[in-house]
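Enquirer: Below: one structure in structure tokens.
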Amino acid sequence: MAVSDYQLLEAWQQVLKLSNLEKGQTVTILTSTSTHPQTLAMAQIAAQSMGAIVNRLDLPPVNAEKALSRDPLAYLGTTPLTGNPAAIAMLKASDLVLDLMTLLFSPEQIDILKSGTKILLAVEPPEVLVRTVPTEADRARVKAHSANLAKAKEMAVVSDAGTDIRFPLGEFPVISEYAFVDEPGRWDHWPSGFCFTFPNEGGSNGTIVIDKGDILLPQKCYTSDKIVLTVENGYATKIEGGVDAELLREYMASFDDPEGYAISHIGWGLQPRCHWSTMLLYDREQSIAMDARAYEGNFLFSLGPNNEAGGNRTTACHIDIPLRNCTVKLDGQDVVRNGKVIEPEGYAK
Ligand SMILES: [Fe+2]
């Protein structure tokens, strides 16, 4: 459904208000060739309406010759900021960067955040943005779950489909995504609504079964049969099954990088306004399928880098895989049971 300018403007104003944007602060809107024109126009007006000084930094895309997909998350590595100190200086000098380009994990982004600049990524189509406008309640819920995760020494995940895996925790911080940036140096992504961390390096062992109907990203497909991953000492060492497994194996092999098979972030979805079922209802060229990453009760795991959380592993290959109907346990306590979120003690929705 088309979105009115007014509705998208109000959505931006809500996000900027939650992000504590103040009169006189500098907002830089980072854009590229794939930036949605309505999202850009309404972001600009919303920031101006709140008294901000508004800049736009438009950068040409990179990596086209290396990526196998138009999805901006399909190839991680160099960004338009690599070797571009002028652009980095402009972003560091801003209070808030609205990333309508998809900068993502990079040393440059980490450096900009360290300067105190906030970065909010927003690249989903306007229809998805207005459906998933964040609230203070989203933040409170994600924070409550994150606090639980931060205390845990182990995450275990099981499912009727056959998943049975353990992840030792403690080496890496917990990251909360709730779709606004209310603190200096904070990065977030609208839409979102989930918490995650990274398992201790080399410590994950077990089996993950991607069941029929689960989602692979950036492939943006629902699997038609089970894919069985054997995980040994932090890496997926076998990917078995039918044609879906073959496709995944071939795609990952194209990166020719053993680090692409490492277990990356692990966590669970908490956003009730995102849905498992919506992925094919949007043009797959226009969306990065954040619904799939954030829908309530998923177990979202990924393969690839851990530099986002301070680890040493960088790799261009990054696969996000949200699973349905899993039970996620922290030190033996269910936090998701058969795909249903269990609220932490003391937290009332
Ligand atoms: Fe990911």
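The values are calculated or read from the model by the stated rules, or taken from the named source; none is laboratory data. For clarity, every value in this text was computed on a predicted model and none was experimentally measured. Cβ placement follows ideal geometry from the backbone for every residue including glycine, while neighbour counts extend to all protein chains displayed. Accessible surface is based on the protein model in full, side chains and every heavy atom, while ligands, DNA and RNA are left aside. Shrake-Rupley method; radii C 1.70, N 1.55, O 1.52, S 1.80 Å.
Enquirer: Which ³J(HN,Hα) values in Hz, rounded to whole numbers, follow from the phi angles of the range 135-146 under the Karplus curve 6.51 cos²θ - 1.76 cosθ + 1.60, where θ = phi - 60° and Gly and Pro get x?
Expert: These are the phi-based 3J(HN,Hα) values: 9, 4, 5, 4, 4, 4, 5, 4, 5, 5, 5, 5 Hz.
Enquirer: If r is the Cβ-Cβ distance from L68 to K151 and R0 is 45 Å, what FRET efficiency results, to the nearest 0.05? Don't jump to the answer; show the numbers that get you there.
Expert: Working: r = 40 Å, r/R0 = 0.88.
Efficiency computed from Cβ-Cβ geometry: 0.70.
Enquirer: Continuing with the same structure: Can you list residues from other chains, or at least 5 along the same chain, whose modelled amide H is less than 5 Å from the amide H of T26?
Expert: Hits under the 5 Å cutoff: I53, D95, L96.
Enquirer: With springs only between Cα atoms under 10 Å apart, run a GNM on the chain and tell me which of D182, D283, D320 wobbles the most.
Expert: Fluctuation is largest for D283.
Enquirer: Using only the Cα atoms of the range 5-131, build the gyration tensor, take square roots of its eigenvalues as a ≥ b ≥ c, and label the shape rounded, prolate or oblate: rounded if a/c is under 1.5, else prolate if a/b is larger than b/c, else oblate. Mind dumping the intermediate values first?
Expert: On the way: a/c = 2.13, a/b = 1.28, b/c = 1.66.
Oblate, since a/c reaches 1.5 and b/c is not below a/b.
Enquirer: Another question, if that's okay. Classify the range 136-341 from the C-alpha gyration tensor, please: rounded if a/c falls under 1.5, else prolate or oblate depending on whether a/b exceeds b/c. All intermediate terms of the calculation are to be shown ahead of the outcome.
Expert: Numbers: a/c = 1.33, a/b = 1.18, b/c = 1.13.
Because its axes are fairly even, with a/c under 1.5, the range 136-341 counts as rounded.
Enquirer: Can you give the local net charge around G234? Use residues other than it whose beta-carbon is closer than 12 angstrom to its beta-carbon, Lys and Arg +1, Asp and Glu -1. Could the numbers behind the result be given before it?
Expert: Values: positive: R166, R313; negative: E171, E201, E232, E259.
Once all neighbours under 12 Å are counted, the net charge is -2.
Enquirer: So how far apart, in nm, are the two label points at Q14 and Q286 if each is 7 Å from Cα heading toward Cβ?
Expert: 2.0 nm
Enquirer: Of E285, E183, E65, which is the most mobile in a GNM of the chain whose springs link Cα atoms less than 10 angstrom apart?
Expert: E65
Enquirer: Which lysines, on any chain, are close to K151 with Cα under 17 Å apart, when same-chain ones fewer than 8 places away are left out?
Expert: Counting by Cα, and skipping residues close in sequence, K151 has these lysines nearby: K143, K329.
Enquirer: Averaged per residue, what accessible surface does the chain expose to a 1.4 Å probe, in Å²?
Expert: Working: 14410 Å² over 349 residues.
Ligands and nucleic acids excluded, the result is 41 Å² per residue.
Enquirer: On to the next question. Need one number: nm distance between label points at K143 and S34, each 7 Å from Cα along Cα→Cβ, rounded to one decimal.
Expert: Each label point lies 7 Å from its Cα, and together they span 3.3 nm.
Enquirer: Output ³J(HN,Hα) for the range 227-240: one whole-Hz value per residue in order, computed from phi by the Karplus curve 6.51 cos²θ - 1.76 cosθ + 1.60 with θ = phi - 60°, and x for Gly and Pro.
Expert: Karplus values, whole Hz, x for Gly and Pro: 10, 10, 9, 9, 10, 10, 6, x, 10, 6, 9, 9, 10, 10.
Enquirer: Could I ask something else about it? Evaluate the charge dipole of the chain about its Cα centre and quote only its size in Debye, nearest 20, assuming +1 on the Cβ of each Lys and Arg and -1 on the Cβ of each Asp and Glu. Numbers along the way, then the final one.
Expert: Working: 30 positive and 44 negative charges, 124 e Å.
Computed charge dipole of the chain: roughly 600 debye.
Enquirer: Using +1 at the Cβ of each Lys and Arg and -1 at the Cβ of each Asp and Glu in the range 207-343, identify which of L247, Q271, S287 lies farthest towards the dipole's positive end.
Expert: Of the listed residues, the answer is Q271.
Enquirer: Classify the chain as rounded, prolate or oblate, taking a ≥ b ≥ c as the square roots of the eigenvalues of its Cα gyration tensor: rounded when a/c is under 1.5, otherwise prolate if a/b is larger than b/c and oblate if not. Don't skip to the end; give the middle numbers.
Expert: Numbers: a/c = 1.61, a/b = 1.41, b/c = 1.14.
In terms of gyration-tensor shape, prolate.
Enquirer: Still on this structure, I have one more. What does DSSP give for the chain in terms of the percent of beta bridges that are antiparallel, rounded to the nearest 5? Don't jump to the answer; show the numbers that get you there.
Expert: Details: 49 of 67 bridges.
Around 75 percent of the beta bridges assigned by DSSP in the chain are antiparallel ones.
Enquirer: Using a Gaussian network model of the chain with C-alpha springs under 10 Å, which one of L149, L103, L247 is most mobile by mean-square fluctuation?
Expert: Most flexible of the set in this elastic network: L247.
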